[in-house]
Each structure stands twice: as C-alpha cells, then as structure tokens.
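To start, I am sharing the structure in question, which I have written as structure tokens.
The values are calculated or read from the model by the stated rules, or taken from the named source; none is laboratory data. All of these numbers come straight from a predicted model, not from anything done at the bench. So basically every Cβ, Gly included, is an ideal-geometry build from the backbone, and we count neighbours across all protein chains shown.
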Amino acid sequence: MNSGNGSVCEVCGEPMAGGGPCSRCLFKVSFADPGEPPPEEPAPWGRLANLELHEEIGRGGMGVVYRARQTGLDRTVAVKVLLRARFAGAEERERFHREARAAARLKHPGIVGIFDIGEDDGVPWFSMEHLPGKNLEQLVRDHPLAARDAAQCVRHVAEAVQHAHDHQVLHRDLKPSNILLDHEAKPQITDFGIARLDSHHDSNLTRTGQMLGSPGYAAPEQAFGGEADARTDVYGLGASLYHLLTSRPPFVGPTLDAVLIQLREDDPLSLRKLNPAVPRDLETVCLKCLRKDPAQRYATAKEVADDLGRFLSGEPIHAKPVGPLGRGWHWARRRPWTAGLAVACALLLATLITSFLAADRREDREGRRVILIAASHEARAERVGDSRRRAMAAVQEAWKIKSSPGLRNEAIAALSLPGVEFLPALGGELPAPPAGELSVPDDSGRRRAVVRSRPGGRADVIEILSVPEGKVLQRLEHDHRITCLDWSGELLIAGGSSIRLVYVWDTFTGRRLHRFGGHNADLEAVAFRPGGQEFVSVARDGMLRVWHGGLGAELLRLTSLPEHAGPVAWSEDGSVLRVGRSDGSAIDGFRFEWPRFVTVVGPGALEPRSENLASLHLGTSGKVAVTVDEDVCRLWSLAEGREVARFPKLDTEWMSAALAPDALWLSGWNAGLRRIPLSADFLPAATNPQSSRVGPGPLLVAASRDGKFLALTHNDERPENDRLLLVATADHAVRKLPQQDPYCAAFSPAGDLLVTGSFRVPGATLHSLQGGTPRPLDHPGLVLGARFTDDGHTLWLWGDHAVTRWDTGSWNSEAMHTGEAPLGFTISPDGTIASSTTRRAVVLHDARDLSKIARFEIPSPVGEVGMPTLAFSPDSSHLAIHVADGAVVSWDIPALREELGKYGMNWKTPAHPAEPARSRVDKSTR
C-alpha cells in the first residue's frame, strides 16, 4: 500500500489520510473470518459521546480529525478532537472552542458545517460535515489546475469568505490544504482554528495579536505585526489561487527565515514564468490580492469574486497590472537606502544603471538559488530512481551561487537517499530457478526456511527448520501460493501469486510484521540487498520497487520498465542487480547508489522503550549496536544491516545493558547481573547468559573502558540508603558508593574516577576508586549524562538545564549551555564534537563553543524520535540515535565528510579537543 497524506490503498481503493497500512485492509486481515465475506464497515476504533470513531482522516498542530458515525442519526460525520487534550492549557482549549464557535456562526455551501460540540472525559470535540474528497493542496500536488478551473474554484471560496466577513469572522489561515472538495467537487472552507470573532459589528474586522497562520500563505501585516482585517483574507485568497495555478505557494524556502525574508522584501515570482498557460488577466487578479500594502489589494473578498467572475465571462477585469514604475516604487520603499543613494548619485547615471543591473542579477541569482533548493526538496519527496541525482544536481548549482551551512545540510539529506539507474541489456548470468521445494538459509546457516504446499495446492506454509537437526522452530501461515523468498537477520520476506503482495515476518517470534502491496502482477522475485534491510520486489508489471523491511516502508520505485521475471542476482557489494526479461530476450541491470555514510535498521514493528534509561550502545568502530526496548535487548550488525542476536526480558523486567570489550552485560529489576560473552567480531560466543550473584534490582548505567568495572544504581525505600554499586567483573565483588537517587555514571579513561548523577538531586558527585571522601561538583539542575574525554583532561556534564565542561586538573568549570535542554545530548570520546537532537534531526556541534556544524535529517520512515538516546562509538567515528519506535540510525562521520569533500562542501575540523577556560572560578570549592 502507498503511504502518505492523501494516498489511496491500492488493494481496496479506499483513501488513506496518514502513513502506514490501510486501516480498512488491516482490520479485514486481522479480524475477518477467511471463509465469510467481510462486513461493510469494521467495528469502531473508539467511542466519543454518541459517536463511533472509525479512522483518522486528518491531523494538524491543534487537533485530530476522525471519520465517525453519529449513532442517533445514523450518519457519517467528521469529528475534530483537541490534540493531547489532557495536557492542553487554557489557551489551546480556548483556540479549539473558538474554532467551533467561528464555524458554527456560518451557514454557507462553501463552508464546512458544524453539527455538534461537546466534551467527553475532559476531551473537547466537535462534529461537522464529512467530506471524503481531496483538499486543494492534494489536488494540485502533481500538476496545477487549468486556469478557468482555478478561477472558478477561488471564486466560490471568495464568496464563502465574504459570508464569513459579513458575520464578523476572519479566517486568517486560508490555504489550499484548508479547502476541501465535496461530493460535487465544489470547494468548502474548513479549519477555523485561528479565526477571530467579534460580537459587535465592525466593518474593518481589524484585530491585533500574536503572529499566527502559515508563513507561505500569511499576509505581511499578519506575519510581522500580528494584525489582520478582511484584506488579510484577501491575501490568503490570492496565495491559494497562486498555488492552484503553479503547484507551489507564492514564497518557498528551505527555512522559515528564508520565507519571511522573501515575504518582507520580494514580490512573488510571475505566475506566467512558472506556468506559461496562465492568462495575463488572471495573473493580474492574483497579484493584486498579493500586494504587500493592504490598501493596494481588493478591499473585500466580494471584489475578488466579482473580478474572477468578469474573467470567467470574458469581460474586462477592474484590476490593473503593476507597470515598471510601480514595481520600481515598491522596490524603493522596501530598500530606502538604495533608493536614497540613487537620488544622491543621479549625475552618475551610467554607474547607477550598472549598479541596478548588478543588483538585479544578484536578486535573480538569489531567486534562482531559492528555486534550486525547493527543487531539491521536491526531488527528495518524490522518491523515484533519480531523486538522489536530481536533488544533488540542484544543490551543487545552488552551492556555486552561494554556499551556506543550510545548503550543506540539504546535500547531506540528498546523499542519504538511495538512487537507482536502469541499465538495459547489461548481460551477465542469473541463478537457475530452484528445483523442488523453495527454500533459503538464514545468514548464520543455522536455520532454513522451507515452503510447503498445503493440501489442494492453493496455499503454502513456511517452516523454519533448525540445521542440521531439521526440527521445526516456527510455522509461518500464508493464504496463497509462495513464489519467492529471502532472508536477512530475523526478517523473512515472501512474495506470492494471485494476491500480488509481499509479506515480512519476524522469524524469532513467528509474527507477521508487514504486508506490502502495489504490484499489478504476481511476484517473481524478492531479494534483500547484501548488507542491509532494504529489499527489491519484481513482477511482470514493468515496475521495480525498493522497500525497507525493518521500517515497513517503500523507499523508491521505477516504472515504465520492460516486463521482468525472476530469479534475480545481486553483485557482491550490492551495487548492481541483474534481472531477466520475461520473454528471455535480455538480462537487464539496475545500478544502485546506496548511502555510504548512513545505516538505518529497524525491529520490524514498533517497539516502544523506556525513555528513562540509555537504550543504545555502540561497539568500538561503530559497526555493532546494542539496543534495549520494552521486550528485548537486540544486538545489531550495522555493517551488515541486520539483527544478529536477541535476548528477551524476564517477566516485566526493566532491563538495562552495557557493552564491554569482550562481553555484553545485562541487568534489571527481575533478574540479576548477567554476562553474554562476545567474540572478536562482537558475535555472541554463548547462547545462554552467564549469571552472577549481583541483583536482582540494580540497573546497569556504565562500564569502564577496559571492562573491569560496572556501575549499577540501587534505590532503597529510604533515600539515605541509596547507593551506586561498583562491581568488579572478574570476581563480582561489590563496593557501595553513596549517591541519593542515582541515575547515571561515567568512568574516567584510567578507571580511577567515577562521576555519578541523580534524577532528584542537582549536581554530580566525584568518587575516587582508590578511596577518599566523595567530592560534589556544582551543576545547574540535574545531571542526566556524563562523559570523560579520551585524554582524561575534560569531564562533560549535561542535564535538564545546562551543559558544563570541567578541567580535571584544576576542577574549574565552564557553562557551555543553559536553558531548555535538547531532547538528547552527548559528547564524542575524543572531545571534538557534541551532538544534540530535535524532533526531526540530529545536530553536530563544535565542542569548543557548541556552535552548529551540520544537521542530519531523520529519515521520514523512521517514525517518532520521542526521547531518544544518542551515542558515539568509542573511536568517535560513528554517531547513532535510537528513536522511540525502536529504529536505529547510524552515521559514519568520516565517510560523510569524504562524500561531502567530493563536492567541495565539507566542514572544517576542530584542530584540537576543546579545553575548558583556565580563568574560571573553581566552583566545586566555594
């Protein structure tokens, strides 16, 4: 099934509002009796008052919209519910109720009607008319509307806006995504979430307040001054018309600041430059709505509707185009210093003309640069075979115009995509079709998946057998014939006939994780690429599709290809795939460009984890990762892109882990400290963990670099008895160190010092492992993380309010950051780079001053970041993040810098590890 806003299920044809599987198909597969026809409507997902909620159809910054059935009247409605209602403040609730009141005032065929409003168990809601059609932004996503269709559409919207103004309601957020199409394809306005109401008649409808609205569509007076009147909505009408005619808003840019700068200083690009089919009169109407000075726009929405009516009937419009003198006047008002200089230097006309032309060229170049950045964004969003190449070509051209850190970040995002090129008639050899039963071994050779035919020959079952015993470990049920099979780590994929779907199973649990659809013919081949969880699927439908089995997402596709048939063959390095044509006339090839510096692995299904403990550890060279979630501890080979071992939790254990040079250590509330020996390549050397006499109860928070000592937290019912346990791994001897409510710990490189932090008491405590009195270290707020640098000269502490850096020679400290803490933070062991995370990206900082170096976007299929764990590898070469849903994203920083260096986009390396300021007061002795 395709995912994304506004997509349609390719199995049942139902529209889907969000990512992931189709809710209707998922319900049928999960609960329907295979022998009986499915019901027309699945059981509701939840109830609210007299409403049965069936599926999510929309989501915004303030609310979630569900398709629902109103039981009393037996009709389908749309229900908007306040997002995170239990945590919403008074202002958010007032905005939500204001939206309902604003829409309820209005009765017009161009405005979505409100049916009812209420509150259930503290959750505000209101119901409204259900419109199953697309919104205007979805309608023009692939190509703009015809001029007359766009004019007719906005004319209807303008009449509805005038009705709202007549009832003293300003919308203030008009944009294509807030305009829905009804059953007759007529537009209706929705989302009055930031509307303004006035119980007294006011012809100007003027309001002043905070800046709200969508920057790409907001009028200048609203964006910069928070002011709005009827002409502000006129601007929104013009911005919507501009989008319908060009498939983009009037101003686009890589950042909010870039958009606002254009909004303040520049005019929108000519519609006819972006779409030559736009009539000049229609462009004039649109640009009059978009004048920066409200006095130069149409005074009312009715005037907009009237002029659009004149255009549609072939009559002369009232708006007049802005001539060169007018454009020059506007330009001079926005650049008064330049205009004053022109007047002062009027005698130097030739010089002025040259300067003007040069400035105009610079503006054209900057405009071209903005367009190129937008083109890169669009190419990345398309996710087709040449998206990576087109995005990088646009970035390179923009870099030549003007380099910037933001453009480097765009290059990193483009280079993080896979790319594929079709190579017709490449030649080579293909493996012979399997003789007899279809079977494949796993990566270790200790298991084999064998396809068995069920009686009647219409369906198959997959048996997972141990090798060489032949014992059946799992039976994976399948309702159709299986024609192709492949394996990577714990993930098994299979394709079949008659249903044209790809299935993904977790062979450890026997659980089916995903079902991918979209091919128009029976599956011929499925194959994981060497060294990753990505796989391809081939059918006789002229398509090649690339998926990520661990994330359950489609990465890209190629269409309009010759018909191909299996089997397929990968080159050893996974860069070339050979596929035979179905008529046997040729062997074609596909050359893949896999990202060289980023690896993404996922557990296959959402695996939520505790957000209170570090849940990620990297091996020495960053090629191995250990993660802990609510169910298991997983050992990942990032070099091979697969899971290599799994250690389930015991009972309802809250498990913690640490990675030492020769072992993986586990501990938790329901089981004591235990050891899993590891080989030189970090593979488990034993199947069962080795128990110790420590625990149960403590949580494992740190391991010394040589693996000789572990630090475990132990909380007692009486806070004065709280301890941090220092465990010697050789004989499991335990030493108790005082620390109230212990949370985190870090060993010095030499293993002679241990610093501890608390989840309740501000500051940290420094312990000498040779003995002596513990020493307090002042720190603003709680200390939730700590690290000594490799040379032992510097200690970093970070927590909920600050990041501090300490000189371990003098124990002087320096505050590097104060204020709101990022979602995650860590320091590289060599002390040169820091890293933090936002909700959608990981940021690299120069450790000398925490200035930003680069930004890594989290790939969109990865899911929610939540409260993540960030970790550097011990050699500082790799940085990884473990997100809330269980996926791991790892970046090879040297490989990334090498890749950027090919394009001249690399950043400068800090010359030496950061050193604390020697002039600071020794805070620990005050």
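Mind listing just one residue for me: the one in the stretch 574-600 that is in contact with a Lys or Arg (Cβ under 7 Å, 6 or more places away or on another chain) and of a type in the set (Val, Ile, Thr) and, of those, nearest to ALA625 (Cα to Cα)?
VAL576
Further question on the same structure: Given ALA645, ALA660, which one is closer than 24 Å to GLY602 by Cα and surrounded by fewer than 20 Cβ atoms within 10 Å (Cβ to Cβ)?
Step by step, each of ALA645, ALA660 is checked, and only ALA660 is closer than 24 Å to GLY602 by Cα and surrounded by fewer than 20 Cβ atoms within 10 Å (Cβ to Cβ).
Additional query: Pick from HIS767, HIS779: which is closer than 24 Å to ALA657 by Cα and either acidic (Asp, Glu) or in the same structural domain as LEU724 (by TED's automatic domain parsing) (or both)?
HIS767
With respect to PHE682, is the statement that it is under 21 Å from PRO738 (Cα atoms) and aromatic (Phe, Trp, Tyr) true?
Here the answer is no, as PHE682 does not meet what is asked.
Go through (1) among the aromatic types (Phe, Trp, Tyr); (2) surrounded by fewer than 21 Cβ atoms within 10 Å (Cβ to Cβ); (3) not in a loop (DSSP other than H, G, I, E, B) and name the single condition TYR503 misses.
Of the numbered conditions (1) among the aromatic types (Phe, Trp, Tyr); (2) surrounded by fewer than 21 Cβ atoms within 10 Å (Cβ to Cβ); (3) not in a loop (DSSP other than H, G, I, E, B), the odd one out for TYR503 is (2).
A further question on this structure: Looking at the structure I just gave you, is THR255 assigned by TED's automatic domain parsing to the domain that holds ARG148, modelled with pLDDT of 90 or more and β-branched (Val, Ile, Thr)?
no
With the requirement that a residue be aliphatic (A, V, I, L, M) and within 8 Å of the chain's Cα centre (by Cα), what does the stretch 849-864 give you?
ILE858, VAL862 - these are the residues of the stretch 849-864 that are aliphatic (A, V, I, L, M) and within 8 Å of the chain's Cα centre (by Cα).
Then there is this: Give me the pairs, please: first residue somewhere in the stretch 158-185 and in the same structural domain as GLY236 (by TED's automatic domain parsing), second residue anywhere and of a type in the set (Ser, Thr, Tyr) and part of a helix (DSSP H, G or I), beta-carbon distance under 7 Å, and either six or more positions apart or on two chains.
LEU170/THR232; ARG172/THR232; LEU174/SER240; LYS175/SER240; PRO176/SER240; ILE179/SER240
Looking at the stretch 413-445, which of its residues are more than 19 Å from GLY496 (Cβ to Cβ), surrounded by 13 or more Cβ atoms within 10 Å (Cβ to Cβ) and out of contact with any Asp or Glu (no Cβ under 8 Å at 6 or more places or on another chain)?
Once the filter is applied, which keeps residues that are more than 19 Å from GLY496 (Cβ to Cβ), surrounded by 13 or more Cβ atoms within 10 Å (Cβ to Cβ) and out of contact with any Asp or Glu (no Cβ under 8 Å at 6 or more places or on another chain), the stretch 413-445 yields ALA414, LEU417, LEU430, PRO441, ASP442.
Within the stretch 722-784, considering only strands (runs of 3 or more DSSP E) that don't extend past its boundaries, which have at least 3 residues that are within 24 Å of GLU820 (Cβ to Cβ)?
742-747, 753-758
Shifting gears a bit: Inspect the stretch 144-161 for any residue being under 18 Å from THR300 (Cα atoms) and of a type in the set (S, T, N, Q) and give the result as yes or no.
yes
From ARG512, ARG557, ARG578, which residue is modelled with pLDDT of 95 or more and not hydrophobic (A, V, I, L, M, F, W, C)?
Going through ARG512, ARG557, ARG578 in turn, the sole match is ARG578.
Still on this structure: Where residues in the stretch 46-68 are surrounded by 17 or more Cβ atoms within 10 Å (Cβ to Cβ) and under 17 Å from VAL112 (Cα atoms), which of them is modelled with the lowest pLDDT?
GLY58
Could we say that ARG454 is more than 23 Å from PRO530 (Cα to Cα) and either touching a residue at least 40 places away in the same chain (Cβ under 8 Å) or not aromatic (Phe, Trp, Tyr) (or both) here?
Considered against the rule, which asks whether it is more than 23 Å from PRO530 (Cα to Cα) and either touching a residue at least 40 places away in the same chain (Cβ under 8 Å) or not aromatic (Phe, Trp, Tyr) (or both), ARG454 comes out as yes.
Residue check: is GLY672 in the same structural domain as THR765 (by TED's automatic domain parsing), on the phi > 0 side of the Ramachandran plot and surrounded by 15 or more Cβ atoms within 10 Å (Cβ to Cβ)?
Judged against the criteria, GLY672 is not a match.
Another one. Residues in the stretch 669-701 that are hydrophobic (A, V, I, L, M, F, W, C), assigned to a strand (DSSP E or B) and touching a residue at least 40 places away in the same chain (Cβ under 8 Å): how many?
Adding up the residues that qualify gives 3.
Here is a yes/no grid of residues against (1) surrounded by fewer than 20 Cβ atoms within 10 Å (Cβ to Cβ); (2) part of a loop (DSSP other than H, G, I, E, B); (3) touching a Ser or Thr at 6+ places or on another chain (Cβ under 6 Å); (4) at pLDDT below 90:
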position	(1), (2), (3), (4)
CYS484	no, no, no, no
LEU492	no, no, yes, no
SER498	yes, yes, no, yes
LEU551	no, yes, no, no
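In addition: Restricting to the stretch 790-848, give me the number of residues that are outside any loop (DSSP other than H, G, I, E, B), touching a residue at least 24 places away in the same chain (Cβ under 8 Å) and not small (Gly, Ala, Ser).
Total satisfying the criteria: 22.
Within the stretch 402-425, can you find the residues that are over 19 Å from ARG529 (Cα atoms) and either aromatic (Phe, Trp, Tyr) or assigned to a loop (DSSP other than H, G, I, E, B) (or both)?
LYS402, SER403, SER404, PRO424, ALA425
Across the stretch 458-480, which residue is nearest to SER637 (Cα to Cα) among those that are free of Cβ contacts under 8 Å to residues at least 24 places away in the same chain and outside any strand (DSSP E or B)?
Taking the candidates together, the pick is PRO468.
I would also like to ask the following. Limited to the stretch 69-86, what total is found for residues that are more than 16 Å from PHE192 (Cβ to Cβ), in contact with a strand residue (DSSP E or B) (Cβ under 8 Å, 6 or more places away or on another chain) and either modelled with pLDDT of 80 or more or not assigned by TED's automatic domain parsing to the domain that holds ASP121 (or both)?
6
Considering only the stretch 527-546, I want to know if a residue exists there that is of a type in the set (A, V, I, L, M) and surrounded by fewer than 19 Cβ atoms within 10 Å (Cβ to Cβ).
No, every residue in the stretch 527-546 fails to be of a type in the set (A, V, I, L, M) and surrounded by fewer than 19 Cβ atoms within 10 Å (Cβ to Cβ).
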